[in-house]
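The values are calculated or read from the model by the stated rules, or taken from the named source; none is laboratory data. The model shown is predicted, which means the values in this text are computed figures rather than measured ones. For neighbour counting, all protein chains shown are included, and Cβ atoms are generated from backbone atoms with ideal geometry for every residue, glycine included.
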Amino acid sequence: MEDLEYTRRQQEYHLAEEAERIEKEKMKDFKLRLQIREQSIELRELRAHLQAAYVTKELMAQKAEREAARLREKVRKLSHYLFNELFNNLILQVEEARAHKLQQDIWASYDKEEKESDEQKIIRQQEHYLELQKQIEEQEEMKQKSIELILIEKRILDQLVMEYQAELERFRFKFTFSTIT
């Protein structure tokens, strides 16, 4: 039993020594690479080019982000404007329809001898009312199409932003990877 314990301790000791040796090798290798990196003109030039490329890429990314933000704000303002215009037009048409309906009710109260004439006017009024109702429905459809168009533009902008962020991540990963090695 003691021999087993002694053997186990010896193995642990040898493993610890091996781990320490490997760590020293890694440190030696790291220092050698660092020395080569610092003394190599080509590597210093390459590092300078990489840093310049990183700065350029970052500036382009910032510019793209500003442009995306500007476009998002433009889409937001446009959608707000379109919604307000459509809503105001719908309210106006509903008010006009109510006024016409009220007018129809007044005409319906004429004397009996004018009833025939009034009925023709009522028919015209109803046709007009139906036409207004149709216009309201068409404008509602236009509003819906405008909203769908805005949503499509928003999806496109979101996709562009996601692509930009993915490209930026890839560049950062490449830059990080190149500075590690």
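Do we have any residue at all in the stretch 6-24 that's hydrophobic (A, V, I, L, M, F, W, C), assigned to a helix (DSSP H, G or I), over 43 Å from the mean Cα position of the chain (by Cα) and farther than 30 Å from Thr176 by Cβ?
yes
Here are some conditions: (1) surrounded by 12 or more Cβ atoms within 10 Å (Cβ to Cβ); (2) at pLDDT 85 or above. Val75 meets all but one. Which one does it not meet?
(2)
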